[in-house]
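To keep things clear, I will list the structure first and then write my remarks on it.
The values are calculated or read from the model by the stated rules, or taken from the named source; none is laboratory data. Note that the coordinates shown come from a computational prediction; the quantities given were computed from them, not determined experimentally. Counting neighbours? That spans all protein chains shown, and the Cβs are built from the backbone with ideal geometry, glycine included.
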Amino acid sequence: MATTIDPSTHVGDGNGKQDGKHDDDTKKKSSRKHAVPELLFGDLWEFDPAPETASPNIKPRYDLFIGGQFVAPQSGQYFDSINPATEEVVSQIALASPGDVDAAYYAAQMAYETVWRDMPGRERGKYVYRIARLLQDRAREFAVAETIDGGKPIKESRDFDVPMAAAHFFYHAGWADKLAYIAPGRRVEPIGVVGQVIPWNFPLLMLAWKIAPAIAAGNCVVLKPAETTSVTAMKFAELLQDAGLPDGVVNIVTGAGETGAAVVNHPAAKKIAFTGSTEVGKIIMRSLAERGTRMTMELGGKAANVVFEDAPIDQAVEGVINGIFFNQGHVCCAGSRLLVQESIADMFVRKLRQRMAVLRVGDPLDKNTDVGAINSREQLDRICDLVESGISEGAEMFQPSCALPPRGYFYRPTIFTGVTQSHRIAREEIFGPVLSILTFRTMDEAVERANNTMYGLSAGVWTDKGSRILRMATDLKAGVVWANTFNKFDPTSPFGGYKESGFGREGGRQGLLDYVELA
Amino acid sequence: MEQFGPVDRVGIEERVAKFASRSIKRSSKLWGLTTAVTMVDLTTLEGKDTPGKVAALCRKARRPSDDVTIPPVAAVCIYPALIKEARKQLADTPIKVASVATAFPSGQSSLKVRLQEVKYAVNAGADEIDMVINRGLFLAGEYQAVQDEIAAVVEACGDAALKVILEVAELETYDNIRAASFLAMQVLRPGDFIKTSTGKVGGAATLANTQVMIEAIRDFYLETGLAIGMKPAGGIKTAKQALHYLVAVKESLGDAWLNNSRYRFGASSLLNDLLRQIHKERSGAYQAPYYFSEAAESY
């Protein structure tokens, strides 16, 4: 890269008008005949690597967190947690057997009966506030750990995951002594011990969404993080020790499907909160139906981003890009279907391609990386399979020509045009950086197509017309409808699904109601 | 107005926040800083300007630093009365003499007088004219009249390049800024510029209003093939800010705009901070504060 400027590139070159040649330009302008103009996103100004260097303080091995202590798994077995950007082992994670899960439930039940249930709300609130503050204090450390273990770009873990996790603890801490006000005239009581199973896409944030309302309301918790992303949960367990949270209020057991089944099916669980795929959610629902255990399910999605011709175009492009490529598309509410009005479809797709040309895919720890690593080999295979189906079913694929790192699980941002409702890529949740583009002619058609899915988690509307926003928000069957923005979250705002995207809400007063009994 | 499309305030401000969070290190930083130096329109626009101050400004423009590897700036920007002095100082250099005209900064004079001033400036030797649009007409809804006036100024410029100041703070909304950008570009020639501000009213260039304008430039270019330049002016005081602006150019307009024939910074104190940061980047340490002043014409 040149660090000095070649004098020959000084004023006057590039357009020639200042050299008295502007007659040519005027002629050019009047005839308006040109080759198709293109923008050049080349290597004139390459950015040097800008890695985040804070230490993540990850231990080489993590035990289970039961009764306030780290205890070895009964089986003595551990499994590797992999950094998806390098395929190197980050840490070894304990494999919890049903016996370990039983111990965790016992510890939770003890804590519930002897300490937590009867502690005044204002005292419980102090602990939750303390957790929030400690998380804030150690935000950088947690962000780096989250990125190393899960592959998401550091700018997202730093600017979104960790601050939002802390915000959920702050928000629910404030509720701890005000529970009587969420249902006036009713007596508000905790449920008991709650089993929680969370996914790998936002490991720390999903943990916060689950634990914060549960313990603020006086419940105790047995939580199982996802198999591929347990590190920040175990670091969080260390933070709970620092916060002095009474032993057993929160227990964290790690493992894969078998461990999850033990958590979900334990008889001491008064409620199960699950976030994950619709497929697994249905299995859990079937098994819980026999026992009448309360449950909330936050499952898959196939959100439609509906762009009308009068939309603020560049902001809509940005919203669509953010909607599908945020966190490599590993977002249950990702805007994975673009419904764009036919009159602007070509122009809009051209702009999407231009925007994709400047997405930076690569080392998740680099502060300039926009799209990081796919969470696991398994997920990468699934994305490849669905993209293959898109091609073989006749949709047209576009990917930018960006270089991918030689190692690790990476996938280029991908868009498909010419997609119809019957394509697999328009129906199945891909959970990757793959956008399916469909068109519509009228508002009714847009609503019909957007709702023609088994999912109903989120949707986006892009238009300059306020009345259209209001009607779309009513007609779209989705738990969240964003207008002229996308992927906006706030602890005060309830989040959850319609149809087979689940039931129950997280966040806000509604979310808290799912963690209490009204007497 | 509607044909140019709306701009969402929240969305555009989120977009530019991403530019400002880019982390520019080492050689890429040095390249950005040095490129920014070549894009500066070193400016003095004060009632108390004298030939002496302009002479000092021109010498600074030719050789911004005693470090000879630092390139000269793009232009000096002054009032019409001082063109002759600047012309004398900048003879045999590639540095352009830019003059404000058209009853700068308010533009509140008759069109005839404004065009006369443009012709005076061109005859006095200005290479570039920085005009102001008629915000009064714009806000009154007389868009065609605004465009006709700009076209008349283009005509009066002859071979001089034109920079059209929208005075974005007075247009107030992003929708207006986008519309005014198009009104201007439709009558400009390739190599002419649109510019944010005079620097004389509160609220000058921001990343967001500059982004609205460069997105308009991009859309206009893709539609017509005509490449218009961009000049944010006022309020850009630090090297770090300048880098954010250049990141926006790199990621919105691409490499073809990363040079001073298509991008300028209207600034006075920015140059000294660029020099300070270049020195720091090369030596690894800051110099004492008195090595670089805040004044445009001194070191």
So how many residues does segment A:50-71 have that are within 14 Å of another protein chain (Cβ to nearest Cβ) and loosely packed, with under 14 Cβ neighbours inside 10 Å? 1
Residue under evaluation A:Leu435, criteria (1) of a type in the set (A, V, I, L, M, F, W, C); (2) out of contact with any Phe, Trp or Tyr (no Cβ under 6 Å at 6 or more places or on another chain); (3) free of Cβ contacts under 8 Å to residues at least 60 places away in the same chain; (4) closer than 30 Å to A:Glu46 by Cα, criterion not met: (3)
So, A:Phe47, is that one buried (at least 17 other Cβ atoms within 10 Å of the Cβ) and part of a helix (DSSP H, G or I) or not? no
Odd one out for B:Ala184 among (1) part of a helix (DSSP H, G or I); (2) more than 28 Å from B:Tyr245 (Cα to Cα); (3) out of contact with any Cys (no Cβ under 7 Å at 6 or more places or on another chain): (2)
Of all residues in segment B:234-261, count the ones that are on the phi < 0 side of the Ramachandran plot, without any contact (Cβ under 8 Å) to a residue 40 or more places away in the chain and within 12 Å of chain A (Cβ to nearest Cβ). 5
Looking only at residues that are facing chain A (nearest Cβ under 7 Å) and of a type in the set (Gly, Ala, Ser) in segment B:1-21, which one is nearest to B:Met213 (Cα to Cα)? B:Gly5
Among the residues of segment B:22-60 satisfying the criterion of being facing chain A (nearest Cβ under 10 Å), part of a loop (DSSP other than H, G, I, E, B) and over 17 Å from B:Phe265 (Cβ atoms), which is modelled with the lowest pLDDT? B:Lys25
Touching a Cys at 6+ places or on another chain (Cβ under 7 Å), more than 14 Å from chain B (Cβ to nearest Cβ) and among the small types (Gly, Ala, Ser): is that true of A:Ser493 in this structure? no
Residue check, A:Leu288 among the hydrophobic types (A, V, I, L, M, F, W, C), touching a residue at least 40 places away in the same chain (Cβ under 8 Å), surrounded by fewer than 23 Cβ atoms within 10 Å (Cβ to Cβ) and in a helix (DSSP H, G or I): no
Can you tell me which residue among A:Ala345, A:Ala316 is more than 14 Å from chain B (Cβ to nearest Cβ), in a helix (DSSP H, G or I) and at pLDDT 95 or above? A:Ala345
For segment A:287-320, name all the residues that are more than 16 Å from the chain's Cα centre (by Cα) and basic (Lys, Arg). A:Arg291, A:Arg294
Across segment B:190-227, what is the total count of residues that are at the interface with chain A (Cβ under 10 Å from one of its Cβ atoms) and either of a type in the set (A, V, I, L, M) or surrounded by fewer than 20 Cβ atoms within 10 Å (Cβ to Cβ) (or both)? 8
Quick check on segment B:252-294: of everything there that is assigned to a loop (DSSP other than H, G, I, E, B) and basic (Lys, Arg), which residue is surrounded by the most Cβ atoms within 10 Å (Cβ to Cβ)? B:Arg264
Quick one: in segment A:348-378, which of the residues that are basic (Lys, Arg) and over 18 Å from A:Glu318 (Cβ atoms) is farthest from the other protein chains (Cβ to nearest Cβ)? A:Arg377
Scope segment A:382-438; condition buried (at least 23 other Cβ atoms within 10 Å of the Cβ) and over 21 Å from A:Gly300 (Cα atoms); matching residues: A:Tyr409, A:Phe410
Among the numbered conditions (1) crowded, with 23+ Cβ neighbours inside 10 Å; (2) of a type outside the set (Asp, Glu); (3) more than 18 Å from A:Glu342 (Cα to Cα), tell me where A:Trp462 comes up short. (3)
Given (1) within 14 Å of chain A (Cβ to nearest Cβ); (2) part of a strand (DSSP E or B), number of the condition B:Val164 does not satisfy: (1)
Please work out which residue is surrounded by the most Cβ atoms within 10 Å (Cβ to Cβ), limiting yourself to segment B:61-109 and to residues that are assigned to a helix (DSSP H, G or I) and within 14 Å of chain A (Cβ to nearest Cβ). B:Ala61
Six or more apart or on different chains, Cβ atoms under 7 Å: show the pairs whose first residue is in segment A:330-349 and under 22 Å from A:Arg412 (Cα atoms) and whose second is surrounded by fewer than 24 Cβ atoms within 10 Å (Cβ to Cβ) and among the charged types (D, E, K, R). A:Leu339/A:Arg449
Complete set of residues in segment A:241-259 that are surrounded by fewer than 24 Cβ atoms within 10 Å (Cβ to Cβ), touching a strand residue (DSSP E or B) at 6+ places or on another chain (Cβ under 8 Å) and under 23 Å from A:Ala145 (Cα atoms): A:Ala256
